[in-house]
Amino acid sequence: MIRAVTFDFWQTLVEDSPDNLARQRARRIEAIAQSVRRAGHGLDLAQAEAVYEHSERVLHERFWSRDRDPLIADQVRLVLDLARPGLGARLDGSMLEEAIRGYIDPVLHFPPALHPGAAEAVTELAARGIALGIVSNTGRTPGIILRQVLDRYGLLRHFSVVSYSDEVGYRKPDAEIFRRTLAGLGAEARHAAHVGDNPDADVTGAQGAGMRGVHLAAGGRPAAAHADLVVADLGHLVERLLG
């Protein structure tokens, strides 16, 4: 019997378009350039873009490839240090806060769309008394912002435990982020399922923690053969999962 269900965030509860992602990226690069200039250093947009791309490689090497995540403030300091060595440590409190705010807020200006069927699935599961949580990796946008996106759609209130990797420190598919979420929900893994679009991070990760892995194979994506359940439409999730 399923008593708890956790959801991925990106491309599961919400979906983003390439155009929207490009707008977010451009706004973040501009914010990086502005932060460096406010600190008294020259940095044009082309240089800021190079810093951004370099930081992607560094973050992947140091953290993401190891299924780990730094706190968002540490990520911003890392980016600033790549622009000008030691800059992240030299910024005072208010300037660092301003740099962090500019770095993390693009998604609020260019928000992702709610995935079709997501609201219906979440509200119906909640109405049936299923404990709900979120288990999601973050990249440039931290959990503090993603909570605001869910709140705008009226869904945040349904989730009693929200685990974003920048806050937990672990990334899917590491089982630890699932275990901590289940502990917060007070649920046993054998009575829990996780829903997500990524066959490795979501399905294999959940199964590694003893949960059922539900693959959301929307938009014609191939179904993960190892998934416990495959759904192409979140509108069918509750019926398929609970019967």
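Within the range 1-40, if we keep just the residues that are among the hydroxyl-bearing types (Ser, Thr, Tyr) and in contact with a strand residue (DSSP E or B) (Cβ under 9 Å, 6 or more places away or on another chain), the residue that is surrounded by the most Cβ atoms within 10 Å (Cβ to Cβ) turns out to be Thr6.
Can you confirm whether the range 155-164 contains a residue that is buried (at least 20 other Cβ atoms within 10 Å of the Cβ), in contact (Cβ under 8 Å) with a residue 24 or more places away in the chain, closer than 11 Å to Thr6 by Cβ and in contact with a Ser or Thr (Cβ under 7 Å, 6 or more places away or on another chain)?
Narrowing the range 155-164 to residues buried (at least 20 other Cβ atoms within 10 Å of the Cβ): 155, 159, 162-164.
Subset that is in contact (Cβ under 8 Å) with a residue 24 or more places away in the chain: 155, 159, 162-164.
Okay, now just the ones that are also closer than 11 Å to Thr6 by Cβ, so 159, 162-163.
Next cut, in contact with a Ser or Thr (Cβ under 7 Å, 6 or more places away or on another chain) only: 163.
Checked the range 155-164: at least one residue is buried (at least 20 other Cβ atoms within 10 Å of the Cβ), in contact (Cβ under 8 Å) with a residue 24 or more places away in the chain, closer than 11 Å to Thr6 by Cβ and in contact with a Ser or Thr (Cβ under 7 Å, 6 or more places away or on another chain).
Residue by residue through the range 66-78, note down the ones that are in a helix (DSSP H, G or I) and either in contact with a Lys or Arg (Cβ under 7 Å, 6 or more places away or on another chain) or closer than 15 Å to Asp105 by Cβ (or both). Step through it out loud before you land on a result.
The first filter runs over the range 66-78 and keeps only residues in a helix (DSSP H, G or I), leaving 66, 72-78.
Residues satisfying the conditions are Ile72, Ala73, Gln75, Val76.
Restricting the range 1-58 to residues that are acidic (Asp, Glu) and more than 20 Å from the chain's Cα centre (by Cα) leaves a set whose member that is nearest to Gln148 (Cα to Cα) is Glu30.
Every residue in the range 192-243 that is among the β-branched types (Val, Ile, Thr) and either more than 12 Å from Gln11 (Cα to Cα) or surrounded by fewer than 22 Cβ atoms within 10 Å (Cβ to Cβ) (or both), please.
In the first step, residues of the range 192-243 are kept if they are among the β-branched types (Val, Ile, Thr); the result is 195, 203-204, 214, 230-231, 238.
Correct list: Val203, Thr204, Val214, Val230, Val231, Val238.
Apart from one condition, Gln11 fits all of (1) assigned by TED's automatic domain parsing to the domain that holds Arg180; (2) at negative phi; the exception is (2). Scanning the range 105-119 for residues that are in a helix (DSSP H, G or I) and hydrophobic (A, V, I, L, M, F, W, C) returns Val107, Leu108, Ala118, Ala119.
Figure legend. Inter-residue proximity from the range 15-43: first residues acidic (Asp, Glu), second residues surrounded by fewer than 19 Cβ atoms within 10 Å (Cβ to Cβ), beta-carbon distance below 7 Å, spacing 6+ or different chains. Indicated pairs: Glu15/Ala113; Glu30/Leu45.
Summed over the range 115-127, the residues that are farther than 25 Å from Asn20 by Cα and surrounded by fewer than 20 Cβ atoms within 10 Å (Cβ to Cβ) give a count of 4.
Table: residues versus (1) surrounded by fewer than 17 Cβ atoms within 10 Å (Cβ to Cβ); (2) more than 19 Å from His158 (Cβ to Cβ); (3) not β-branched (Val, Ile, Thr).
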position: Ile72; (1), (2), (3): no, yes, no
position: Leu108; (1), (2), (3): yes, yes, yes
position: Ala113; (1), (2), (3): yes, no, yes
position: Gly129; (1), (2), (3): yes, no, yes
position: Thr141; (1), (2), (3): no, yes, no
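Quick grid of which residues meet (1) assigned to a strand (DSSP E or B); (2) at pLDDT below 95; (3) not β-branched (Val, Ile, Thr):
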{"position": "Ser94", "(1), (2), (3)": "no, yes, yes"}
{"position": "Ile100", "(1), (2), (3)": "no, no, no"}
{"position": "Tyr103", "(1), (2), (3)": "no, no, yes"}
{"position": "Ala121", "(1), (2), (3)": "no, no, yes"}
{"position": "Ala126", "(1), (2), (3)": "no, no, yes"}
{"position": "Gly133", "(1), (2), (3)": "yes, no, yes"}
{"position": "Gly139", "(1), (2), (3)": "no, no, yes"}
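Here Arg101, Arg77 are screened, and the one residue that is surrounded by 14 or more Cβ atoms within 10 Å (Cβ to Cβ), closer than 27 Å to Ile177 by Cβ and charged (D, E, K, R) is Arg77. Looking at the range 79-92, which of its residues are closer than 16 Å to Ala50 by Cα and assigned to a helix (DSSP H, G or I)? Hits for the range 79-92 are Val79, Leu80, Asp81, Leu82, Ala83.
The values are calculated or read from the model by the stated rules, or taken from the named source; none is laboratory data. All values derive from a computational prediction rather than experimental measurement. No Cβ is skipped: glycine too gets one built from the backbone with ideal geometry, and neighbour counts run over all protein chains shown.
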